[in-house]
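First the structure, in the form of structure tokens, and then the observations on it.
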Amino acid sequence: MTRDNDRQMKAIILYDSRSTEGSTDRLIDSIGQQLAENGAYVEKARCKATGDYSFLKEFDVVIMGAPVYYMVVSSQLLGALLQSNLKRYLRNKNIALFLTCGSPEAMALSVYLPQLKIHLMRNRIVSEKIIAPHQIDDEEVIYDFVNEIEEGYRKSFKSSRGDSLQWSEKALEQLESLPPFFSSKIKEGLSVYAREQGIRCITPEVLDEARANYEGY
């Protein structure tokens, strides 16, 4: 698949499962194969609750998924979001989520998926999918999921290409200390301010300058 500037998407599937070479592994391999056939570079890694996730810096898209056991998302993935540096290295990444479970989709969307999403409120989630056991080998389900991921990536890439604005680590930390609703509004306003002023990188000093010049920042 051809993309703007021929930029190859780099995706990693970050997953958890109690078994090896079972249905979850088949699903992950199918997702990875479809992405690769569409021109993406793909890797996969099994979650560890106390792992080091600094390697995520190399990827544009992080696809996260796991089975549900006894109404709880598999523990290593949840543990990584709580105990490791995973959330830090997911910052500014496009995220796709999937869960495999036999419960009704409505229940999975309202009870199981929020167990992950509550830790990802500041991330851009480009796709989320509940996959029932009988859909594990359904090529159409996999195709649709991958297409959603790629479309979300293309939109984010076009947006970042059109606005080459950068954020310093400290400025992002200040922004992320705010409630999501306010931080999104402030980030939007700061982007406008930076373009007007010809600023290429937002730092804490730029935040202070914007507050001083524009009411509401």
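The values are calculated or read from the model by the stated rules, or taken from the named source; none is laboratory data. Since we're looking at a predicted model, the values are computed, not measured. Because the Cβ atoms are built from the backbone with ideal geometry, glycine has one as well, and the counts that use them run over all protein chains shown.
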Legend entry - Any pair with Cβ under 7 angstrom, 6 or more apart, that starts in region 171-194 at a residue that is acidic (D, E) and ends at one that is assigned to a helix (DSSP H, G or I): E176/S183
Legend entry - Subset of region 98-137 [within 18 Å of the chain's Cα centre (by Cα) and of a type in the set (D, E)]: E128
Inset, instruction - Tell me the helices (runs of 4 or more DSSP H) entirely within region 70-123 that contain at least 2 residues that are outside the structural domain of A49 (by TED's automatic domain parsing) and in contact with a helix residue (DSSP H, G or I) (Cβ under 7 Å, 6 or more places away or on another chain). - result: none
Inset, instruction - Could you tell me whether region 141-156 includes any residue that is in contact (Cβ under 8 Å) with a residue 40 or more places away in the chain, of a type in the set (D, E, K, R) and part of a loop (DSSP other than H, G, I, E, B)? - result: no
Inset, instruction - Answer yes or no as to whether I130 is assigned by TED's automatic domain parsing to the domain that holds L77, in contact with a strand residue (DSSP E or B) (Cβ under 8 Å, 6 or more places away or on another chain) and crowded, with 17+ Cβ neighbours inside 10 Å. - result: yes
Legend entry - Lone qualifier among E58, E37 - being within 20 Å of R124 (Cβ to Cβ), in the same structural domain as K87 (by TED's automatic domain parsing) and not polar (S, T, N, Q): E58
Inset, instruction - Being β-branched (V, I, T), closer than 20 Å to S156 by Cβ, free of Cβ contacts under 8 Å to residues at least 60 places away in the same chain and surrounded by 18 or more Cβ atoms within 10 Å (Cβ to Cβ) narrows it down to one of V62, V68, so name that one. - result: V62
Legend entry - Condition met for L35 (in a helix (DSSP H, G or I), in contact with a helix residue (DSSP H, G or I) (Cβ under 9 Å, 6 or more places away or on another chain) and surrounded by fewer than 20 Cβ atoms within 10 Å (Cβ to Cβ)): no
Inset, instruction - Taking S177 as the residue in question, decide whether it is at pLDDT below 90, assigned by TED's automatic domain parsing to the domain that holds D60 and among the polar types (S, T, N, Q). - result: no
